[in-house]
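A quick write-up on the structure given underneath.
The values are calculated or read from the model by the stated rules, or taken from the named source; none is laboratory data. The structure presented is a predicted model; accordingly, all values stated were derived computationally and were not measured. Ideal geometry is used to build each Cβ from the backbone, glycine not excepted, and the neighbour counts take in all protein chains shown.
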Amino acid sequence: MPDFGLNSEQKEFKNWIHEFSEKEIRPAAAEYDETEEFPWPIVKKAAEVGIYTFDFYMQTGQDESGLMMPIALEEAAWGCAGIGLSIFATGLPMAAVAASGDWNAIQKWAPMMFGTPEDPKLGAFCVTEPNAGSDVSQLRTTAKRERDGWLLNGTKNFITNGGIADVHVVVATVDPALGHRGQATFVVGPDTPGLSMGKKEKKMGIRASHTSEVILEDVWVPGENLLGGEEKLQAKLERARSGQKSGKSGALATFEATRPSVGAQAVGIARAAWEFARDYAKERVTFGRPIIEHQGIAFQLADMVMETEAARLLVHRAAWMGRTGQQFVHAEGSMSKLKAGEVAVKVTDQAIQILGGYGFCKDFPVEKWHRDAKIFTLFEGTSEIQRLVVSRALAAE
């Protein structure tokens, strides 16, 4: 394991992201939560200072400890989970492209996903469908050979940046008889005919983040847009048809790799909530003394801090394991996301309780943090799915 303390470079990095979050993200959080508009001005500022760039992802990806991205995500979510997700969501489709192992594909698509500081762009990862969420074997979006490329048809939903992204990375079924083993991942580039945005979702939380349907109607992409290439796809299909065992689907592998990053965002929300509740408890006086001196409140705060710290340790361990190439024997990636998501919901609920009636009002941010926290028990695999993944890992030992 790495040293539990951050080194000087990581501390400087953390302070840089925190300062941006404190000055640019948190002051705008209530406005974008109310309007549900995409925070383009803040994304542009993030690009201008070097946070929303492909170089940023390369820098954090090369960090030997694996902790720089979780640090960045925690600090951004501390400011606002919805705005933070708007800034960092392109990392998910970028991870899907990187998982192909094709450096040429990375070099081609990354600039189109991020754009420039003057004109930032977005990426979207399109997996979920109306009847296929955690069960990716039920995906109905199809990819059929057409000329020297592929024709995509189907509907995706709950897609972050869906329809407003310049690059959509789409998981589609090539051979329905093979379930998830018959799927492949394709890149749909800017201004491709047939791809359109469907209904934009009105959400309970993370409302600054854009979530919508993506409709694919006879979307043709050239053969080179198949991630991993034709040879790898054919080898995978042949193994499946012959009954040989294979690994996870591309979608599941991408989610497994990014789950610690999701957990880091949940930790950021939990930390924001307990810090606010602590400060309130120091100032709020009942029965002649600050409520933090009442044991009922003090013990709640102790639990809130303890659970947040425990969640962060699980996230950092999983991120470190992933970066150093260690296998998630006990599904440590899922474990970290599961713990952090549920901690965020619990801690924000406790923060509301400590504030009492004020915690229920929009004049104070804890009710927003509670709404934001709930998604972290749902997307990229529900808490139930995470428990399933962990339990299957234990059973396989």
May I ask you to list the residues in the stretch 116-131 that are over 17 Å from Ile42 (Cβ atoms), touching a residue at least 12 places away in the same chain (Cβ under 8 Å) and in a loop (DSSP other than H, G, I, E, B)?
Val127, Thr128, Pro130
The condition of being within 19 Å of Pro130 (Cα to Cα), more than 21 Å from the chain's Cα centre (by Cα) and outside the structural domain of Trp40 (by TED's automatic domain parsing) holds, among Gly154, Gly163, Gly189, only for Gly154
What helices (runs of 4 or more DSSP H), lying completely within the stretch 215-332, carry at least 3 residues that are modelled with pLDDT of 95 or more, charged (D, E, K, R) and buried (at least 18 other Cβ atoms within 10 Å of the Cβ)?
295-323
Determine, yes or no, whether Met113 is free of Cβ contacts under 8 Å to residues at least 12 places away in the same chain and under 21 Å from Ala165 (Cα atoms).
no
So which of Thr60, Thr90 ends up being within 26 Å of Thr382 (Cβ to Cβ), of a type in the set (S, T, N, Q), touching a residue at least 12 places away in the same chain (Cβ under 8 Å) and not assigned by TED's automatic domain parsing to the domain that holds Leu314?
Thr90
Within the stretch 128-155, tally of residues that are under 17 Å from Ala96 (Cβ atoms), of a type in the set (A, V, I, L, M, F, W, C) and modelled with pLDDT of 95 or more
3
Residue list for the stretch 346-367, restricted to those being surrounded by fewer than 17 Cβ atoms within 10 Å (Cβ to Cβ) and part of a loop (DSSP other than H, G, I, E, B)
Cys361, Lys362, Asp363
Only residues that are of a type outside the set (D, E, K, R) and more than 26 Å from Gly123 (Cβ to Cβ): list them for the stretch 11-59, please.
Asn15, Pro27, Ala30
Search result, residues across the stretch 41-82 that are in contact with a Lys or Arg (Cβ under 6 Å, 6 or more places away or on another chain), under 16 Å from Glu9 (Cα atoms) and part of a helix (DSSP H, G or I):
Ile71
Within the stretch 83-115, which residues are hydroxyl-bearing (Ser, Thr, Tyr) and part of a helix (DSSP H, G or I)?
Ser86
Answer with yes or no whether Glu31 is under 26 Å from Pro365 (Cβ atoms) and either touching a residue at least 24 places away in the same chain (Cβ under 8 Å) or in a loop (DSSP other than H, G, I, E, B) (or both).
no
